[in-house]
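Participant: Here's a structure for you.
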Amino acid sequence: MSEERFILDVIEEANAKRRLERRRFMRMAGGAAVAAGGLSMLAACNDDDDDPVVTPTPTPTATTGVSEVDVLNFALQLEYLEANFYSYAAFGTPISSTLTAGVGTQGSVVLPSGTATAGRPRQVQFTDPVVAQYAREIAYDEIAHVTYLRNAIGATAAAAQPAINISGDATGSFTVAARASGVVASTATFDPYASDEAFLLGAFIFEDVGVTAYMGGVQLLSTPALIEAAAGIHAAEAYHAGLIRTVLYRKGLSNQSLITATGQISAARDTLDGTANTGLLNQGSSRDQGIVGATNAISNIVPTDANGIAFVRSPSQVLNIVYLNGAAGTSSGGFFPAGINGAVRTTA
């Protein structure tokens, strides 16, 4: 046998052994243990081109009793919010009713009190075709995230869509957030469906939060298949956030109010999430950032620390923001007027 043939045989034997070991591991391993309230998602792991897709089985952790179903359902609740916002903005409709049933109290997108139509979520009449295309792309991605997570969790365990308030009237959560942050006056209304710029600011509220939430999930995982899936969804959210920040910055060059508004929103999120991150990255309490640098002379498309690293949020901090309430023990409010479904639903 030639030396070249011998080397090729050794490589093929090693590859075959690797495939066998990975298949055996995925059939027996089950889900990875995660920290209480951590955010993660199951992966559909395609081992090699000739192997079937295998999904690890969610299991409770040994110390906390919080299962992967619990943390997947937490992620699903956030995806319901994003998917409905983008679906209304891009298409004028909520997500399909086939994607909303499940365990817990099922709700719908909340209409303003006292009216059946005025101020409700609606399609944005985009004037910039590029922004319109971006809105449609992100909407499809977020709906796909809802579909994927529901399939990964399973029909008997997936949490139902809760009541969601994304209306554009004076009592809507966007208005509450905009007033609290100073984006609009205390008696003014913020309607994210009124214009391209308003839509981008509404999206800015969500996207950065989604990125920090999923980044928090990635560092809690130990199973390679789960890490790969978590990193994949985190990357998609990061692409969305970077895109929104980029378009806002470009439009902000000729409309300074957009740059000011992103700074006000980021400061409000910092106030709501409250707790300093004293974990591995130790990034301090004031981490959220607008779309310009400290000197206003450079862009700030990626909000990072001095090491160029993005920051993370705990599930409790995420809930503080979407509930629009920084207090501990909060279980409803803001964009989720009746709270979310699932085990992870109250701020710490």
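Participant: Once the Cα atoms of the range 144-211 are picked out, what are the Rg and Dmax in Å?
Facilitator: 15.4, 46
Participant: Could you give the alpha-carbon Rg of the range 143-275 over 2.2 N^0.38 Å, rounded to two decimals?
Facilitator: After normalising by residue count via 2.2 N^0.38 Å, the value is 1.20.
Participant: So, one more: For Arg250 and Ser186, FRET efficiency with R0 = 22 Å and r from the beta-carbon atoms, rounded to 0.05? Before the final figure, lay out each step's value.
Facilitator: On the way: r = 30 Å, r/R0 = 1.36.
Between Ser186 and Arg250 the formula returns 0.15.
Participant: Note down the nm distance, to one decimal, between modelled labels 7 Å out along Cα→Cβ at Ala170 and at Ser97.
Facilitator: Those two pseudo-labels are separated by 3.3 nm.
Participant: Using label points projected 7 Å from each Cα along Cα→Cβ, tell me how many nm separate Asn151 and Thr117, to one decimal.
Facilitator: Using points 7 Å along Cα→Cβ, the separation is 3.8 nm.
Participant: For the range 134-175, state what percent of all Cα-Cα pairs lands in each successive 10 Å bin, counting from 0 Å until the bin that includes the largest distance.
Facilitator: Spelled out per bin, shortest first, that is 24, 32, 35, 9.
Where a number appears in this text, it was derived from the coordinates with a stated rule and is not lab data. Bear in mind the structure is a predicted one, so any value in this text is a computation, not a measurement. All Cβ positions, even for glycine, are placed from backbone atoms using ideal geometry, and neighbour counts span all protein chains on display.
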